[in-house]
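A quick write-up on the structure given underneath.
Computed from the coordinates by the stated procedures, all read-outs in this text should not be read as laboratory data. Values in this document were obtained by computation on a predicted structure and should not be read as measured data. Quick reminder, even Gly has a Cβ in these numbers, built from the backbone with ideal geometry, and neighbours come from all protein chains shown.
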Amino acid sequence: MTPREPFAVRLHGFARAIRRPQAALVSFLRKGLERAPHWVLLTTRGRKTGLPREVLLPCARDGDRVLVISTYARRSAWIKNLEACADVRLTAGGVTRDGTAEIVDDLARKHELVEEMPFIPLAPSLWLQAAVRGPLRPLALSWLRRWVTPRPVVLIRLR
């Protein structure tokens with residue numbers, strides 16, 4: 001049984017419409033975003049052009065592993081790029097490293113990953129992420145299991 005697409009997929013057109021202003025904002029705030037603890041700048045290889053494509057994503061980091069979740073399911077360009085080429089470059093915590101991305105669709109594995117590395121993708125602030133790993137963990141895990149069900153989860157292993 002294939003899970004229904006998440007509601008956010010319907011908003012993907014809006015996200016595409018604001019991509020240029022968003023790219024300008026990311027460029028302007030780049031130094032701070034590169035060091036933000038729950039954000040990564042993911043660089044993929046464009047599936048059509050072969051050019052580097054960069055996207056800012058909320059994440060969970062654990063050593064040499066980074067977990068990101070596609071809000072717009074398979075409609076996200078970065079997910080399509082990863083399907084074509086799993087090699088990535090990741091800037092996190094002020095450090096840029098190469099890695100390999102694995103798109104996880106197996107429901108049990110997705111649930112396992114978010115239990116190991118819980119985070120709230122919709123609000124990657126320092127205090128909320130600390131609460132998710134602490135007192136709000138049971139509530140956050142319940143929400144995360146439901147939220148990741150229709151979405152691909154991407155596990156990036158850094159080299």
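For the reader, a short list of remarks on this structure follows.
- Contact order normalised by residue count of the chain, Cα under 8 Å, 6+ apart, percent: 28 percent
- Mean Cβ neighbour count within 10 Å, used as a protection proxy, ranking 110-120, 67-77 highest first: 67-77, 110-120
- In the range 7-158, one over the average inverse separation of all distinct C-alpha pairs is 15.8 Å, which is the Kirkwood hydrodynamic radius.
- For Lys80, a cut-off of 23 angstrom between C-alpha atoms picks up these lysines, skipping any fewer than 8 places away in its own chain: Lys48, Lys110.
- The stretch between Leu126 and Glu54 holds 23.6 nm of extra length on full extension. This uses 0.36 nm per residue minus the Cα-Cα distance.
- For Glu116 and Arg65, the difference between the fully extended length at 0.36 nm per residue and the C-alpha to C-alpha distance is 17.3 nm.
- Summed over qualifying helices (DSSP H, 4 residues or more, each -39500 (n - 2.57)) and divided by its residue number, the chain shows a 222 nm mean residue ellipticity of -10500 deg cm²/dmol.
- Here the Karplus relation 6.51 cos²θ - 1.76 cosθ + 1.60, evaluated at θ = phi - 60°, turns the backbone of the range 70-84 into coupling constants of 7, 4, 9, 6, 7, 7, 5, 4, 5, 5, 4, 5, 5, 4, 7 Hz, with x for every Gly and Pro.
- Using the Cβ-Cβ distance between Ile103 and Arg133 with R0 set to 25 Å, the FRET efficiency works out to roughly 0.50.
- Charge context of Ser27, other residues only, Cβ under 15 angstrom, K/R +1, D/E -1: +3
- Amide H contacts under 5 Å for Val153, placed H, 5+ residues apart: Val104
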